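S.K.: This structure is in structure tokens; I'll ask about it shortly.
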Amino acid sequence: MKHRIYLDHAATTPLDKRVLKEMQPYFSEKFGNAGSLHFWGTEAREAVERARGEIAKAINAKPEEIIFTSGGTESDNLALQETVYPNRKKGNHIITTSFEHHAVLHTVQFLEKDGFEASCLPVTKEGFVELEEFEKALTAKTILASVMHANNEIGTIQPIAKIGEVCREKGILFHTDAVQTVGKEKIDVEKMNIDLLSASAHKFYGPKGVGFLYVRQGTKIHPLVHGGGHERGLRSGTENTPGIVGMASALKFAVKEMDKENARLKKLRNRLIDGCLGINDSWLNGGREPRLAANAALGFDFVEGESMVLMLSDKGIAASTGSACSTKSLEPSHVLRSLGLPHVKCHGSLRFTLGKDTKASDIDYVVKSLPPIVERLREISPLHKGVDLSEFEEDVEHVHEH
Ligand SMILES: Cc1ncc(COP(=O)(O)O)c(C=O)c1O
């Protein structure tokens, strides 16, 4: 294949070669268990603690507030499940939003089965949570709020500092799933009033299977994984030294290069969005700003997102319909449904997420390749000719799902 253009960086990113270099010694020569007392152990322990310090500094936290986990899903589960049980005497109400990642939504649903009550906030059709809606959902029994920093499908960035401020005033724990923003947007847990924050290394050019949860000092939290008492008793299991070293290294580069890279990506992203919007009956999912610099989430009438993804793949372009986790399901994306898009329009979604290696010539190639694909698919689509899509639009008032 002549072209190999990867535009699915929200699903995962390649490991930065500089990061791989820093990780390498910890697989072989410096292979010790960070829990061992001898030299090999001390060497690994020092590397883990150095990484903890660097990660903490990147988000303005204290080293002891960083708990290493296996990734975003585990961090979300730990943050939600293990703070509500210890706080159950104070109340049983959780606030979240209708377009969270399933790692949050399904955890909240699990907690609902165990007697917790949840309010799932609607979002605007532009993909933003409104402070007013958030305040309306608060009750005397609210103990935890979980609002994602940026949405993984449409890239819209949420007003989490303001939500955090309200939570702080009311004495409610505030968790944010920042899996899509750590290393891409500035994060200051103090200024943003965050009590718990989830992150995952493979989204910012680090290794897969490692992440962290920031837990504000003094937060009542129990372990999800029990065992030898690692990570201050909050996450047992031998530390993944190479992974942790790699995560810290990746974050160091990401933070250092963030401003310049975001400015570059935003230009390319806008060029891609404008190019794609040249196709008839197309639209941008979610407002253009504030949005992740790398995200272009589009929709096209009369075509299936999956067919576009497969045909783009034949042209050497990797894109997605939305979240990588829901590609096996035929259900339309809960994120797009939460914007009020009818089923029939959700099916025509296409997400491009740019990255460090994306060049202007890649964008031009995509903008050139997509129109004939859409045209071809529309030719064979039974929906295309003479069908008024509004006939398929059910009342979207009721679609705010959990
Ligand atoms: C917003 C968000 N939260 C959580 C996750 C899960 O992270 P992980 O793959 O590290 O478990 C993802 C991954 O797609 C995500 O985008």
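S.K.: Count, please, the residues in segment 345-365 that happen to be aliphatic (A, V, I, L, M) and more than 21 Å from N152 (Cα to Cα).
M.R.: Residues flagged as aliphatic (A, V, I, L, M) and more than 21 Å from N152 (Cα to Cα) within segment 345-365 amount to 1.
S.K.: Would you check if T97 is away from the ligand (no atom under 16 Å from the Cβ) and over 14 Å from A199 (Cβ atoms)?
M.R.: no
S.K.: Something else about it: Restricting attention to segment 185-209, and to residues there that are near the ligand (Cβ under 8 Å from one of its atoms) and of a type in the set (D, E, K, R), which single residue is farthest from the chain's Cα centre (by Cα)?
M.R.: Looking at the filtered set, the residue picked out is K208.
S.K.: Assess whether E289 counts as being part of a helix (DSSP H, G or I) and of a type outside the set (S, T, Y).
M.R.: Judged against the criteria, E289 is not a match.
S.K.: Give the number of residues within segment 12-47 that are among the small types (G, A, S), buried (at least 18 other Cβ atoms within 10 Å of the Cβ) and either under 24 Å from the mean Cα position of the chain (by Cα) or part of a helix (DSSP H, G or I) (or both).
M.R.: Selection size over segment 12-47: 2.
S.K.: What number goes with the only condition from (1) at pLDDT 95 or above; (2) away from the ligand (no atom under 16 Å from the Cβ) that E304 does not pass?
M.R.: (1)
S.K.: From the list E169, E190, pick out the single residue that is outside any loop (DSSP other than H, G, I, E, B) and of a type in the set (D, E, K, R).
M.R.: One residue alone meets the criteria, E169.
S.K.: Another question, if that's okay. Find all pairs meeting these conditions: Cβ atoms under 6 angstrom apart; at least six residues apart or on different chains; first residue within segment 191-204 and modelled with pLDDT under 95; second residue of a type outside the set (A, V, I, L, M) and not in a helix (DSSP H, G or I).
M.R.: Partner pairs satisfying both residue conditions: none exist.
S.K.: Which of the residues that make up segment 61-81 are assigned to a loop (DSSP other than H, G, I, E, B) and over 18 Å from F204 (Cα atoms)?
M.R.: Within segment 61-81, the first condition is being assigned to a loop (DSSP other than H, G, I, E, B), and the residues that meet it are 61-62, 70-71.
Scanning segment 61-81 gives A61, K62.
S.K.: Output the residues belonging to segment 107-131 that are over 12 Å from L144 (Cα atoms) and either in contact with a His (Cβ under 9 Å, 6 or more places away or on another chain) or among the polar types (S, T, N, Q) (or both).
M.R.: T107, Q109, E112, C120, L121, P122, V123, T124
S.K.: Okay, moving on. Which one of these does S313 not meet: (1) small (G, A, S); (2) at pLDDT 95 or above; (3) within 27 Å of G127 (Cα to Cα)?
M.R.: (3)
S.K.: If S75 satisfies every condition in (1) within 16 Å of the ligand (Cβ to nearest atom); (2) more than 28 Å from T156 (Cβ to Cβ) but one, which is the exception?
M.R.: Unmet condition: (2).
S.K.: Which one is surrounded by the fewest Cβ atoms within 10 Å (Cβ to Cβ), of the residues in segment 151-171 that are touching a residue at least 60 places away in the same chain (Cβ under 8 Å) and of a type in the set (V, I, T)?
M.R.: The qualifying residue surrounded by the fewest Cβ atoms within 10 Å (Cβ to Cβ) is I157.
The values are calculated or read from the model by the stated rules, or taken from the named source; none is laboratory data. It should be emphasised that the depicted structure is a prediction, and the values quoted were computed from it without experimental measurement. Neighbour counts are summed over all protein chains in view; Cβ atoms, including those assigned to glycine, are modelled from backbone coordinates with ideal geometry.
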